[in-house]
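Report on the structure given below.
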Amino acid sequence: MAAYVVTGSSCSPVFGFNEHVLPESSREPCKNLKEYIATAYRQYEAVIFTSFWSYQLGEEPEAADPDYLSKLEHTLRSIAASTPVYVLSDVPELAVSPIRQELFSRLGIHIERAPGKKAQAANAIIKQIVDRIPNVYWVDVGAVARPFAEQGRYAGRMAYFDNNHLNVYGSTSLGQLFVQEGHHLLAPGRH
């Protein structure tokens, strides 16, 4: 099965999402992304939906759509009426920037900090919405990603781009681990 990935900087492609909460440079790409999703989702066997949930839920209130949750639920219900939707959790949030952590490591300084809780709290809220919508499935990548969150590294290499986003190596490794541990994104019989 092939996948087609569409994305936009800080854009969550929920129907009616207020792209004016985004920086000016992100507004037009977000508008185009939302239009594409609204018109094209029916042509796919499944939709995999993810967003930076803690950001969308108001980690920075001035950069959040106050009606985001109701718009997200409407979007998921609309898409799920004809197409299965798989909603991915946020990965664990790092307590320290991976670049700063790398510097500390090179200097021989070991920093112990508890990981952030924003992603965990946001995941719980989004999962509640997902659980009440038929044909929408929650995919928790957190357990598989936990080894990455220890120091922002996996197998000796940086796996995070910043505190909240995996880099290409981290994303690829997460996908490989997900499959190796026996998880399936598109479960047999669900699509």
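Within segment 85-138, the only residue that satisfies the criterion of being touching a helix residue (DSSP H, G or I) at 6+ places or on another chain (Cβ under 9 Å), of a type in the set (A, V, I, L, M) and either without any contact (Cβ under 8 Å) to a residue 12 or more places away in the chain or at positive phi (or both) is Ile109. Does at least one position in segment 144-165 carry a residue that is modelled with pLDDT of 90 or more and more than 15 Å from the chain's Cα centre (by Cα)? For segment 144-165, residues modelled with pLDDT of 90 or more and more than 15 Å from the chain's Cα centre (by Cα): absent. Of all the residues in segment 128-186, those that are open to solvent by 20 Å² or more (accessible area, probe 1.4 Å) and in contact with an Asp or Glu (Cβ under 7 Å, 6 or more places away or on another chain) number 4.
For every residue, the table says whether it meets (1) open to solvent by 20 Å² or more (accessible area, probe 1.4 Å); (2) without any contact (Cβ under 8 Å) to a residue 60 or more places away in the chain; (3) under 20 Å from Leu186 (Cβ atoms); (4) part of a helix (DSSP H, G or I).
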{"residue": "Ser10", "(1), (2), (3), (4)": "yes, yes, no, no"}
{"residue": "Phe15", "(1), (2), (3), (4)": "yes, no, no, no"}
{"residue": "Arg27", "(1), (2), (3), (4)": "yes, yes, no, yes"}
{"residue": "Leu33", "(1), (2), (3), (4)": "no, yes, no, yes"}
{"residue": "Tyr36", "(1), (2), (3), (4)": "yes, yes, no, yes"}
{"residue": "Thr39", "(1), (2), (3), (4)": "yes, yes, no, yes"}
{"residue": "Ser51", "(1), (2), (3), (4)": "no, yes, yes, no"}
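Among the candidates Arg77, Arg100, the residue that is within 30 Å of Thr39 (Cβ to Cβ), charged (D, E, K, R) and either at pLDDT 90 or above or open to solvent by 40 Å² or more (accessible area, probe 1.4 Å) (or both) is uniquely Arg77. Residues of segment 113-146 being in a helix (DSSP H, G or I) and farther than 22 Å from Ser173 by Cβ, which ones? Passing the criteria: Lys118, Ala121, Ala122, Ala124, Ile125, Ile126, Lys127, Gln128, Ile129, Val130, Asp131.
The values are calculated or read from the model by the stated rules, or taken from the named source; none is laboratory data. Here the structure is a predicted model, which means the values were calculated and not measured. We place every Cβ from the backbone using ideal geometry, glycine too, and count neighbours over all the protein chains shown. To get the accessible areas, we keep the full protein, side chains included, count just its heavy atoms, and leave off ligands, DNA and RNA. Shrake-Rupley method; radii C 1.70, N 1.55, O 1.52, S 1.80 Å.
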